[in-house]
1. Within straight cross-link reach of K104, meaning Cα distance under 19 Å, which aspartates and glutamates are found once same-chain residues fewer than 8 apart are removed?
2. By per-residue mean of other Cβ atoms within 10 Å, what is the highest-first order of 319-328, 61-70?
3. Using helices alone, what [θ] at 222 nm do you get for the chain, with -39,500 (n - 2.57) per DSSP H run of 4 or more residues, divided over all residues and rounded to the nearest 500?
4. Give the cross-link partners of K384 among the aspartates and glutamates, using a straight C-alpha distance below 19 Å as the criterion and excluding same-chain residues fewer than 8 apart.
5. For the pairs K255/K434; K85/K137; K172/K255, flag any whose C-alpha to C-alpha distance is greater than 23 Å.
6. Give, rounded to the nearest 20 debye, the magnitude of the charge dipole that the chain has about its Cα centre when Lys and Arg contribute +1 at Cβ and Asp and Glu contribute -1 at Cβ.
7. Which ordering of F393, F173 is given by a fewest-first count of other beta-carbon atoms within 10 Å?
8. Can you list residues whose amide H is under 5 Å from H248's amide H, if they're 5+ apart or on another chain and H is modeled 1.01 Å from N?
Amino acid sequence: MTQIEITPEMTDVQSTGKQVYVETYGCQMNLADTEIVLSVLNKEGFASTDQIEGADLVLLNTCSIRDNAEQRIHHRLANIAHHKKKNPELVVGLLGCMAERMRKDLLTDDSIVDIVVGPDQYRVLPELVSEARHGEKGLAVKLSRVETYDDITPMRTEGISAWISVMRGCDKFCTYCVVPFTRGRERSRSLRSIVDEVKYLSDHGFREVTLLGQNVNSYLWEGKDFADLLSAAAAVDPLIRIRYTTSHPQDMSDKLIETMAEWPNICNYIHLPVQSGSNRVLELMNRTYTVDHYMERIEKIRELIPDVALSTDIIAGFPTETEEDHQGTLEVMSRVRYDGAYMFKYSPRERTKAWAMGDDVPDEVKTRRLQEIIELQNSISAEKNQSHLGKTFEVLVEGPSKRDPLEWKGRTGENHVVIFPRSDVDPGEYINVKVDRATSATLIGTEVDEGGRRKVIPLDTLAI
Ligand code: SAH
Ligand code: SF4
Ligand code: F3S
């Protein structure tokens with residue numbers, strides 16, 4: 001899953017004077033969870049603020065996926081300690097995967113953390129916050145086997161894109177991965193509640209919905225699988241783009257690929273993490289597929305969805321990884337030619353099976369292998385982007401680009417970012433853009449075929 005930067009949530013809500021400031025780390029599941037947390041706290045009168053100064057409650061929604069993700073939180077806590085010194089009433093809470101992994105170790109006497117709440121316990125947050133205000137430190141991290149937050153409407157930031165968690169947890173137990181320990185067993189939300197939420201988002205001006213799960217292919221609700229869910233979501237509104245993440249290569253079924261090919265508003269983009277290009281390493285990772293199986297799935301996808309864009313996750317330096325294994329990874333990358341990749345150095349995590357395998361690839365070797373992987377991917381991405389010159393894409397307009405307010409930004413269904421000169425379009429509208437130039441990360445173009453615009457209701461006429 002995509003790794004994200006710190007994003008203080010900014011939502012205007014009814015306030016009774018108390019303010020909560022949240023920073024979210026990790027994957028999109030955490031971003032979606034933060035919206036649940038804000039909804040739970042809003043009912044108790046907390047308004048969300050993007051300023052840590054003046055907040056009554058500071059929450060860090062944390063990630064444990066690699067050691068550096070946790071180190072970042074420790075540094076951040078050291079920094080927040082200054083705020084707490086100035087305002088001893090300030091309640092500091094740790095949420096998310098690190099909260100679940102470390103539990104009471106985070107609540108030592110000298111720690112500034114007052115409450116620790118794992119991903120499936122957010123309903124008890126108000127209670128713990130209230131106790132913390134009376135000086136009692138609190139821990140609520142016992143994993144619930146059933147929590148899906150099905151009945152909680154997330155407190156979303158205004159915009160055109162929204163996430164919906166369709167399932168929680170993971171049963172795959174890849175040997176390097178902490179997620180099954182931090183997020184517990186797989187469980188799916190009801191199909192009806194998800195479709196209702198897509199409908200609600202469509203009615204409120206959203207134009208893009210990403211269905212989230214650590215392994216969405218395992219979605220199952222009363223006999224309906226993930227492909228059924230995708231069709232049901234796509235049928236709600238042809239102007240809503242449907243995306244999803246993440247798929248496991250072993251479970252990428254023909255039915256799912258056919259469903260994607262069938263619905264024009266299901267985006268032609270698949271994130272299909274390969275992790276390694278060596279069968280020996282894949283087996284040690286418990287990924288349960290071979291390189292041949294993976295390549296066969298890629299071929300099937302390209303046969304049914306010729307314009308598909310593909311991205312992946314890769315780990316460099318898994319225990320015992322040899323130079324030959326590493327070459328296998330580079331080879332798979334060259335064969336698939338991904339549009340993008342998230343690339344990581346292996347980081348040993350306690351309690352996982354790979355922890356016991358040691359961490360025998362020296363750091364400088366990991367770094368060098370990762371560098372080779374990154375360089376190869378950058379050159380493939382640049383070549384692929386050049387191959388889009390002269391093509392016309394339907395772009396969903398997002399708004400002004402960060403760098404230059406005279407330029408606007410949007411995204412193709414294949415998830416390419418496209419920059420184009422500002423025109424009289426509104427965010428949420430679909431326009432056609434012909435690509436004139438490309439960098440390794442961005443396509444730059446101009447709008448063509450004015451008559452082909454797909455108009456939608458301007459967002460500002462809709463109350464969210
Ligand atoms: N459920 C998703 C992703 C989960 S975490 C999936 O299966 O694809 C996102 C990515 O982090 C993983 O795909 C993997 O590439 C990487 N990752 C997970 N654990 C890691 C570890 N211990 N060290 C390095 N990278 C890791
Ligand atoms: Fe982790 Fe594997 Fe589950 Fe992904 S599928 S969350 S990598 S255990
Ligand atoms: Fe996501 Fe990090 Fe947890 S990647 S599931 S927040 S360990």
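No lab work stands behind these numbers, since they all come straight from the coordinates. Not measured: the values here are computed from a predicted model. Cβ sites come from the backbone with ideal geometry, for glycine too, and all protein chains shown count toward neighbours.
1. D67, E70, D114, D120, E127, E131, E136, E350
2. Top of the packing list down: 61-70, 319-328.
3. Here the helix-only value at 222 nm equals -9500 deg cm²/dmol.
4. Cα-Cα hits under 19 Å: E299, E303, D307, D313, E331, D339, E372, E375, E394, E414, D436.
5. K255/K434
6. Numbers: 56 positive and 74 negative charges, 89 e Å.
For the chain, the charge dipole is close to 420 debye.
7. In increasing order of surrounding Cβ atoms, one gets F173, F393.
8. Correct list: V216, N217.
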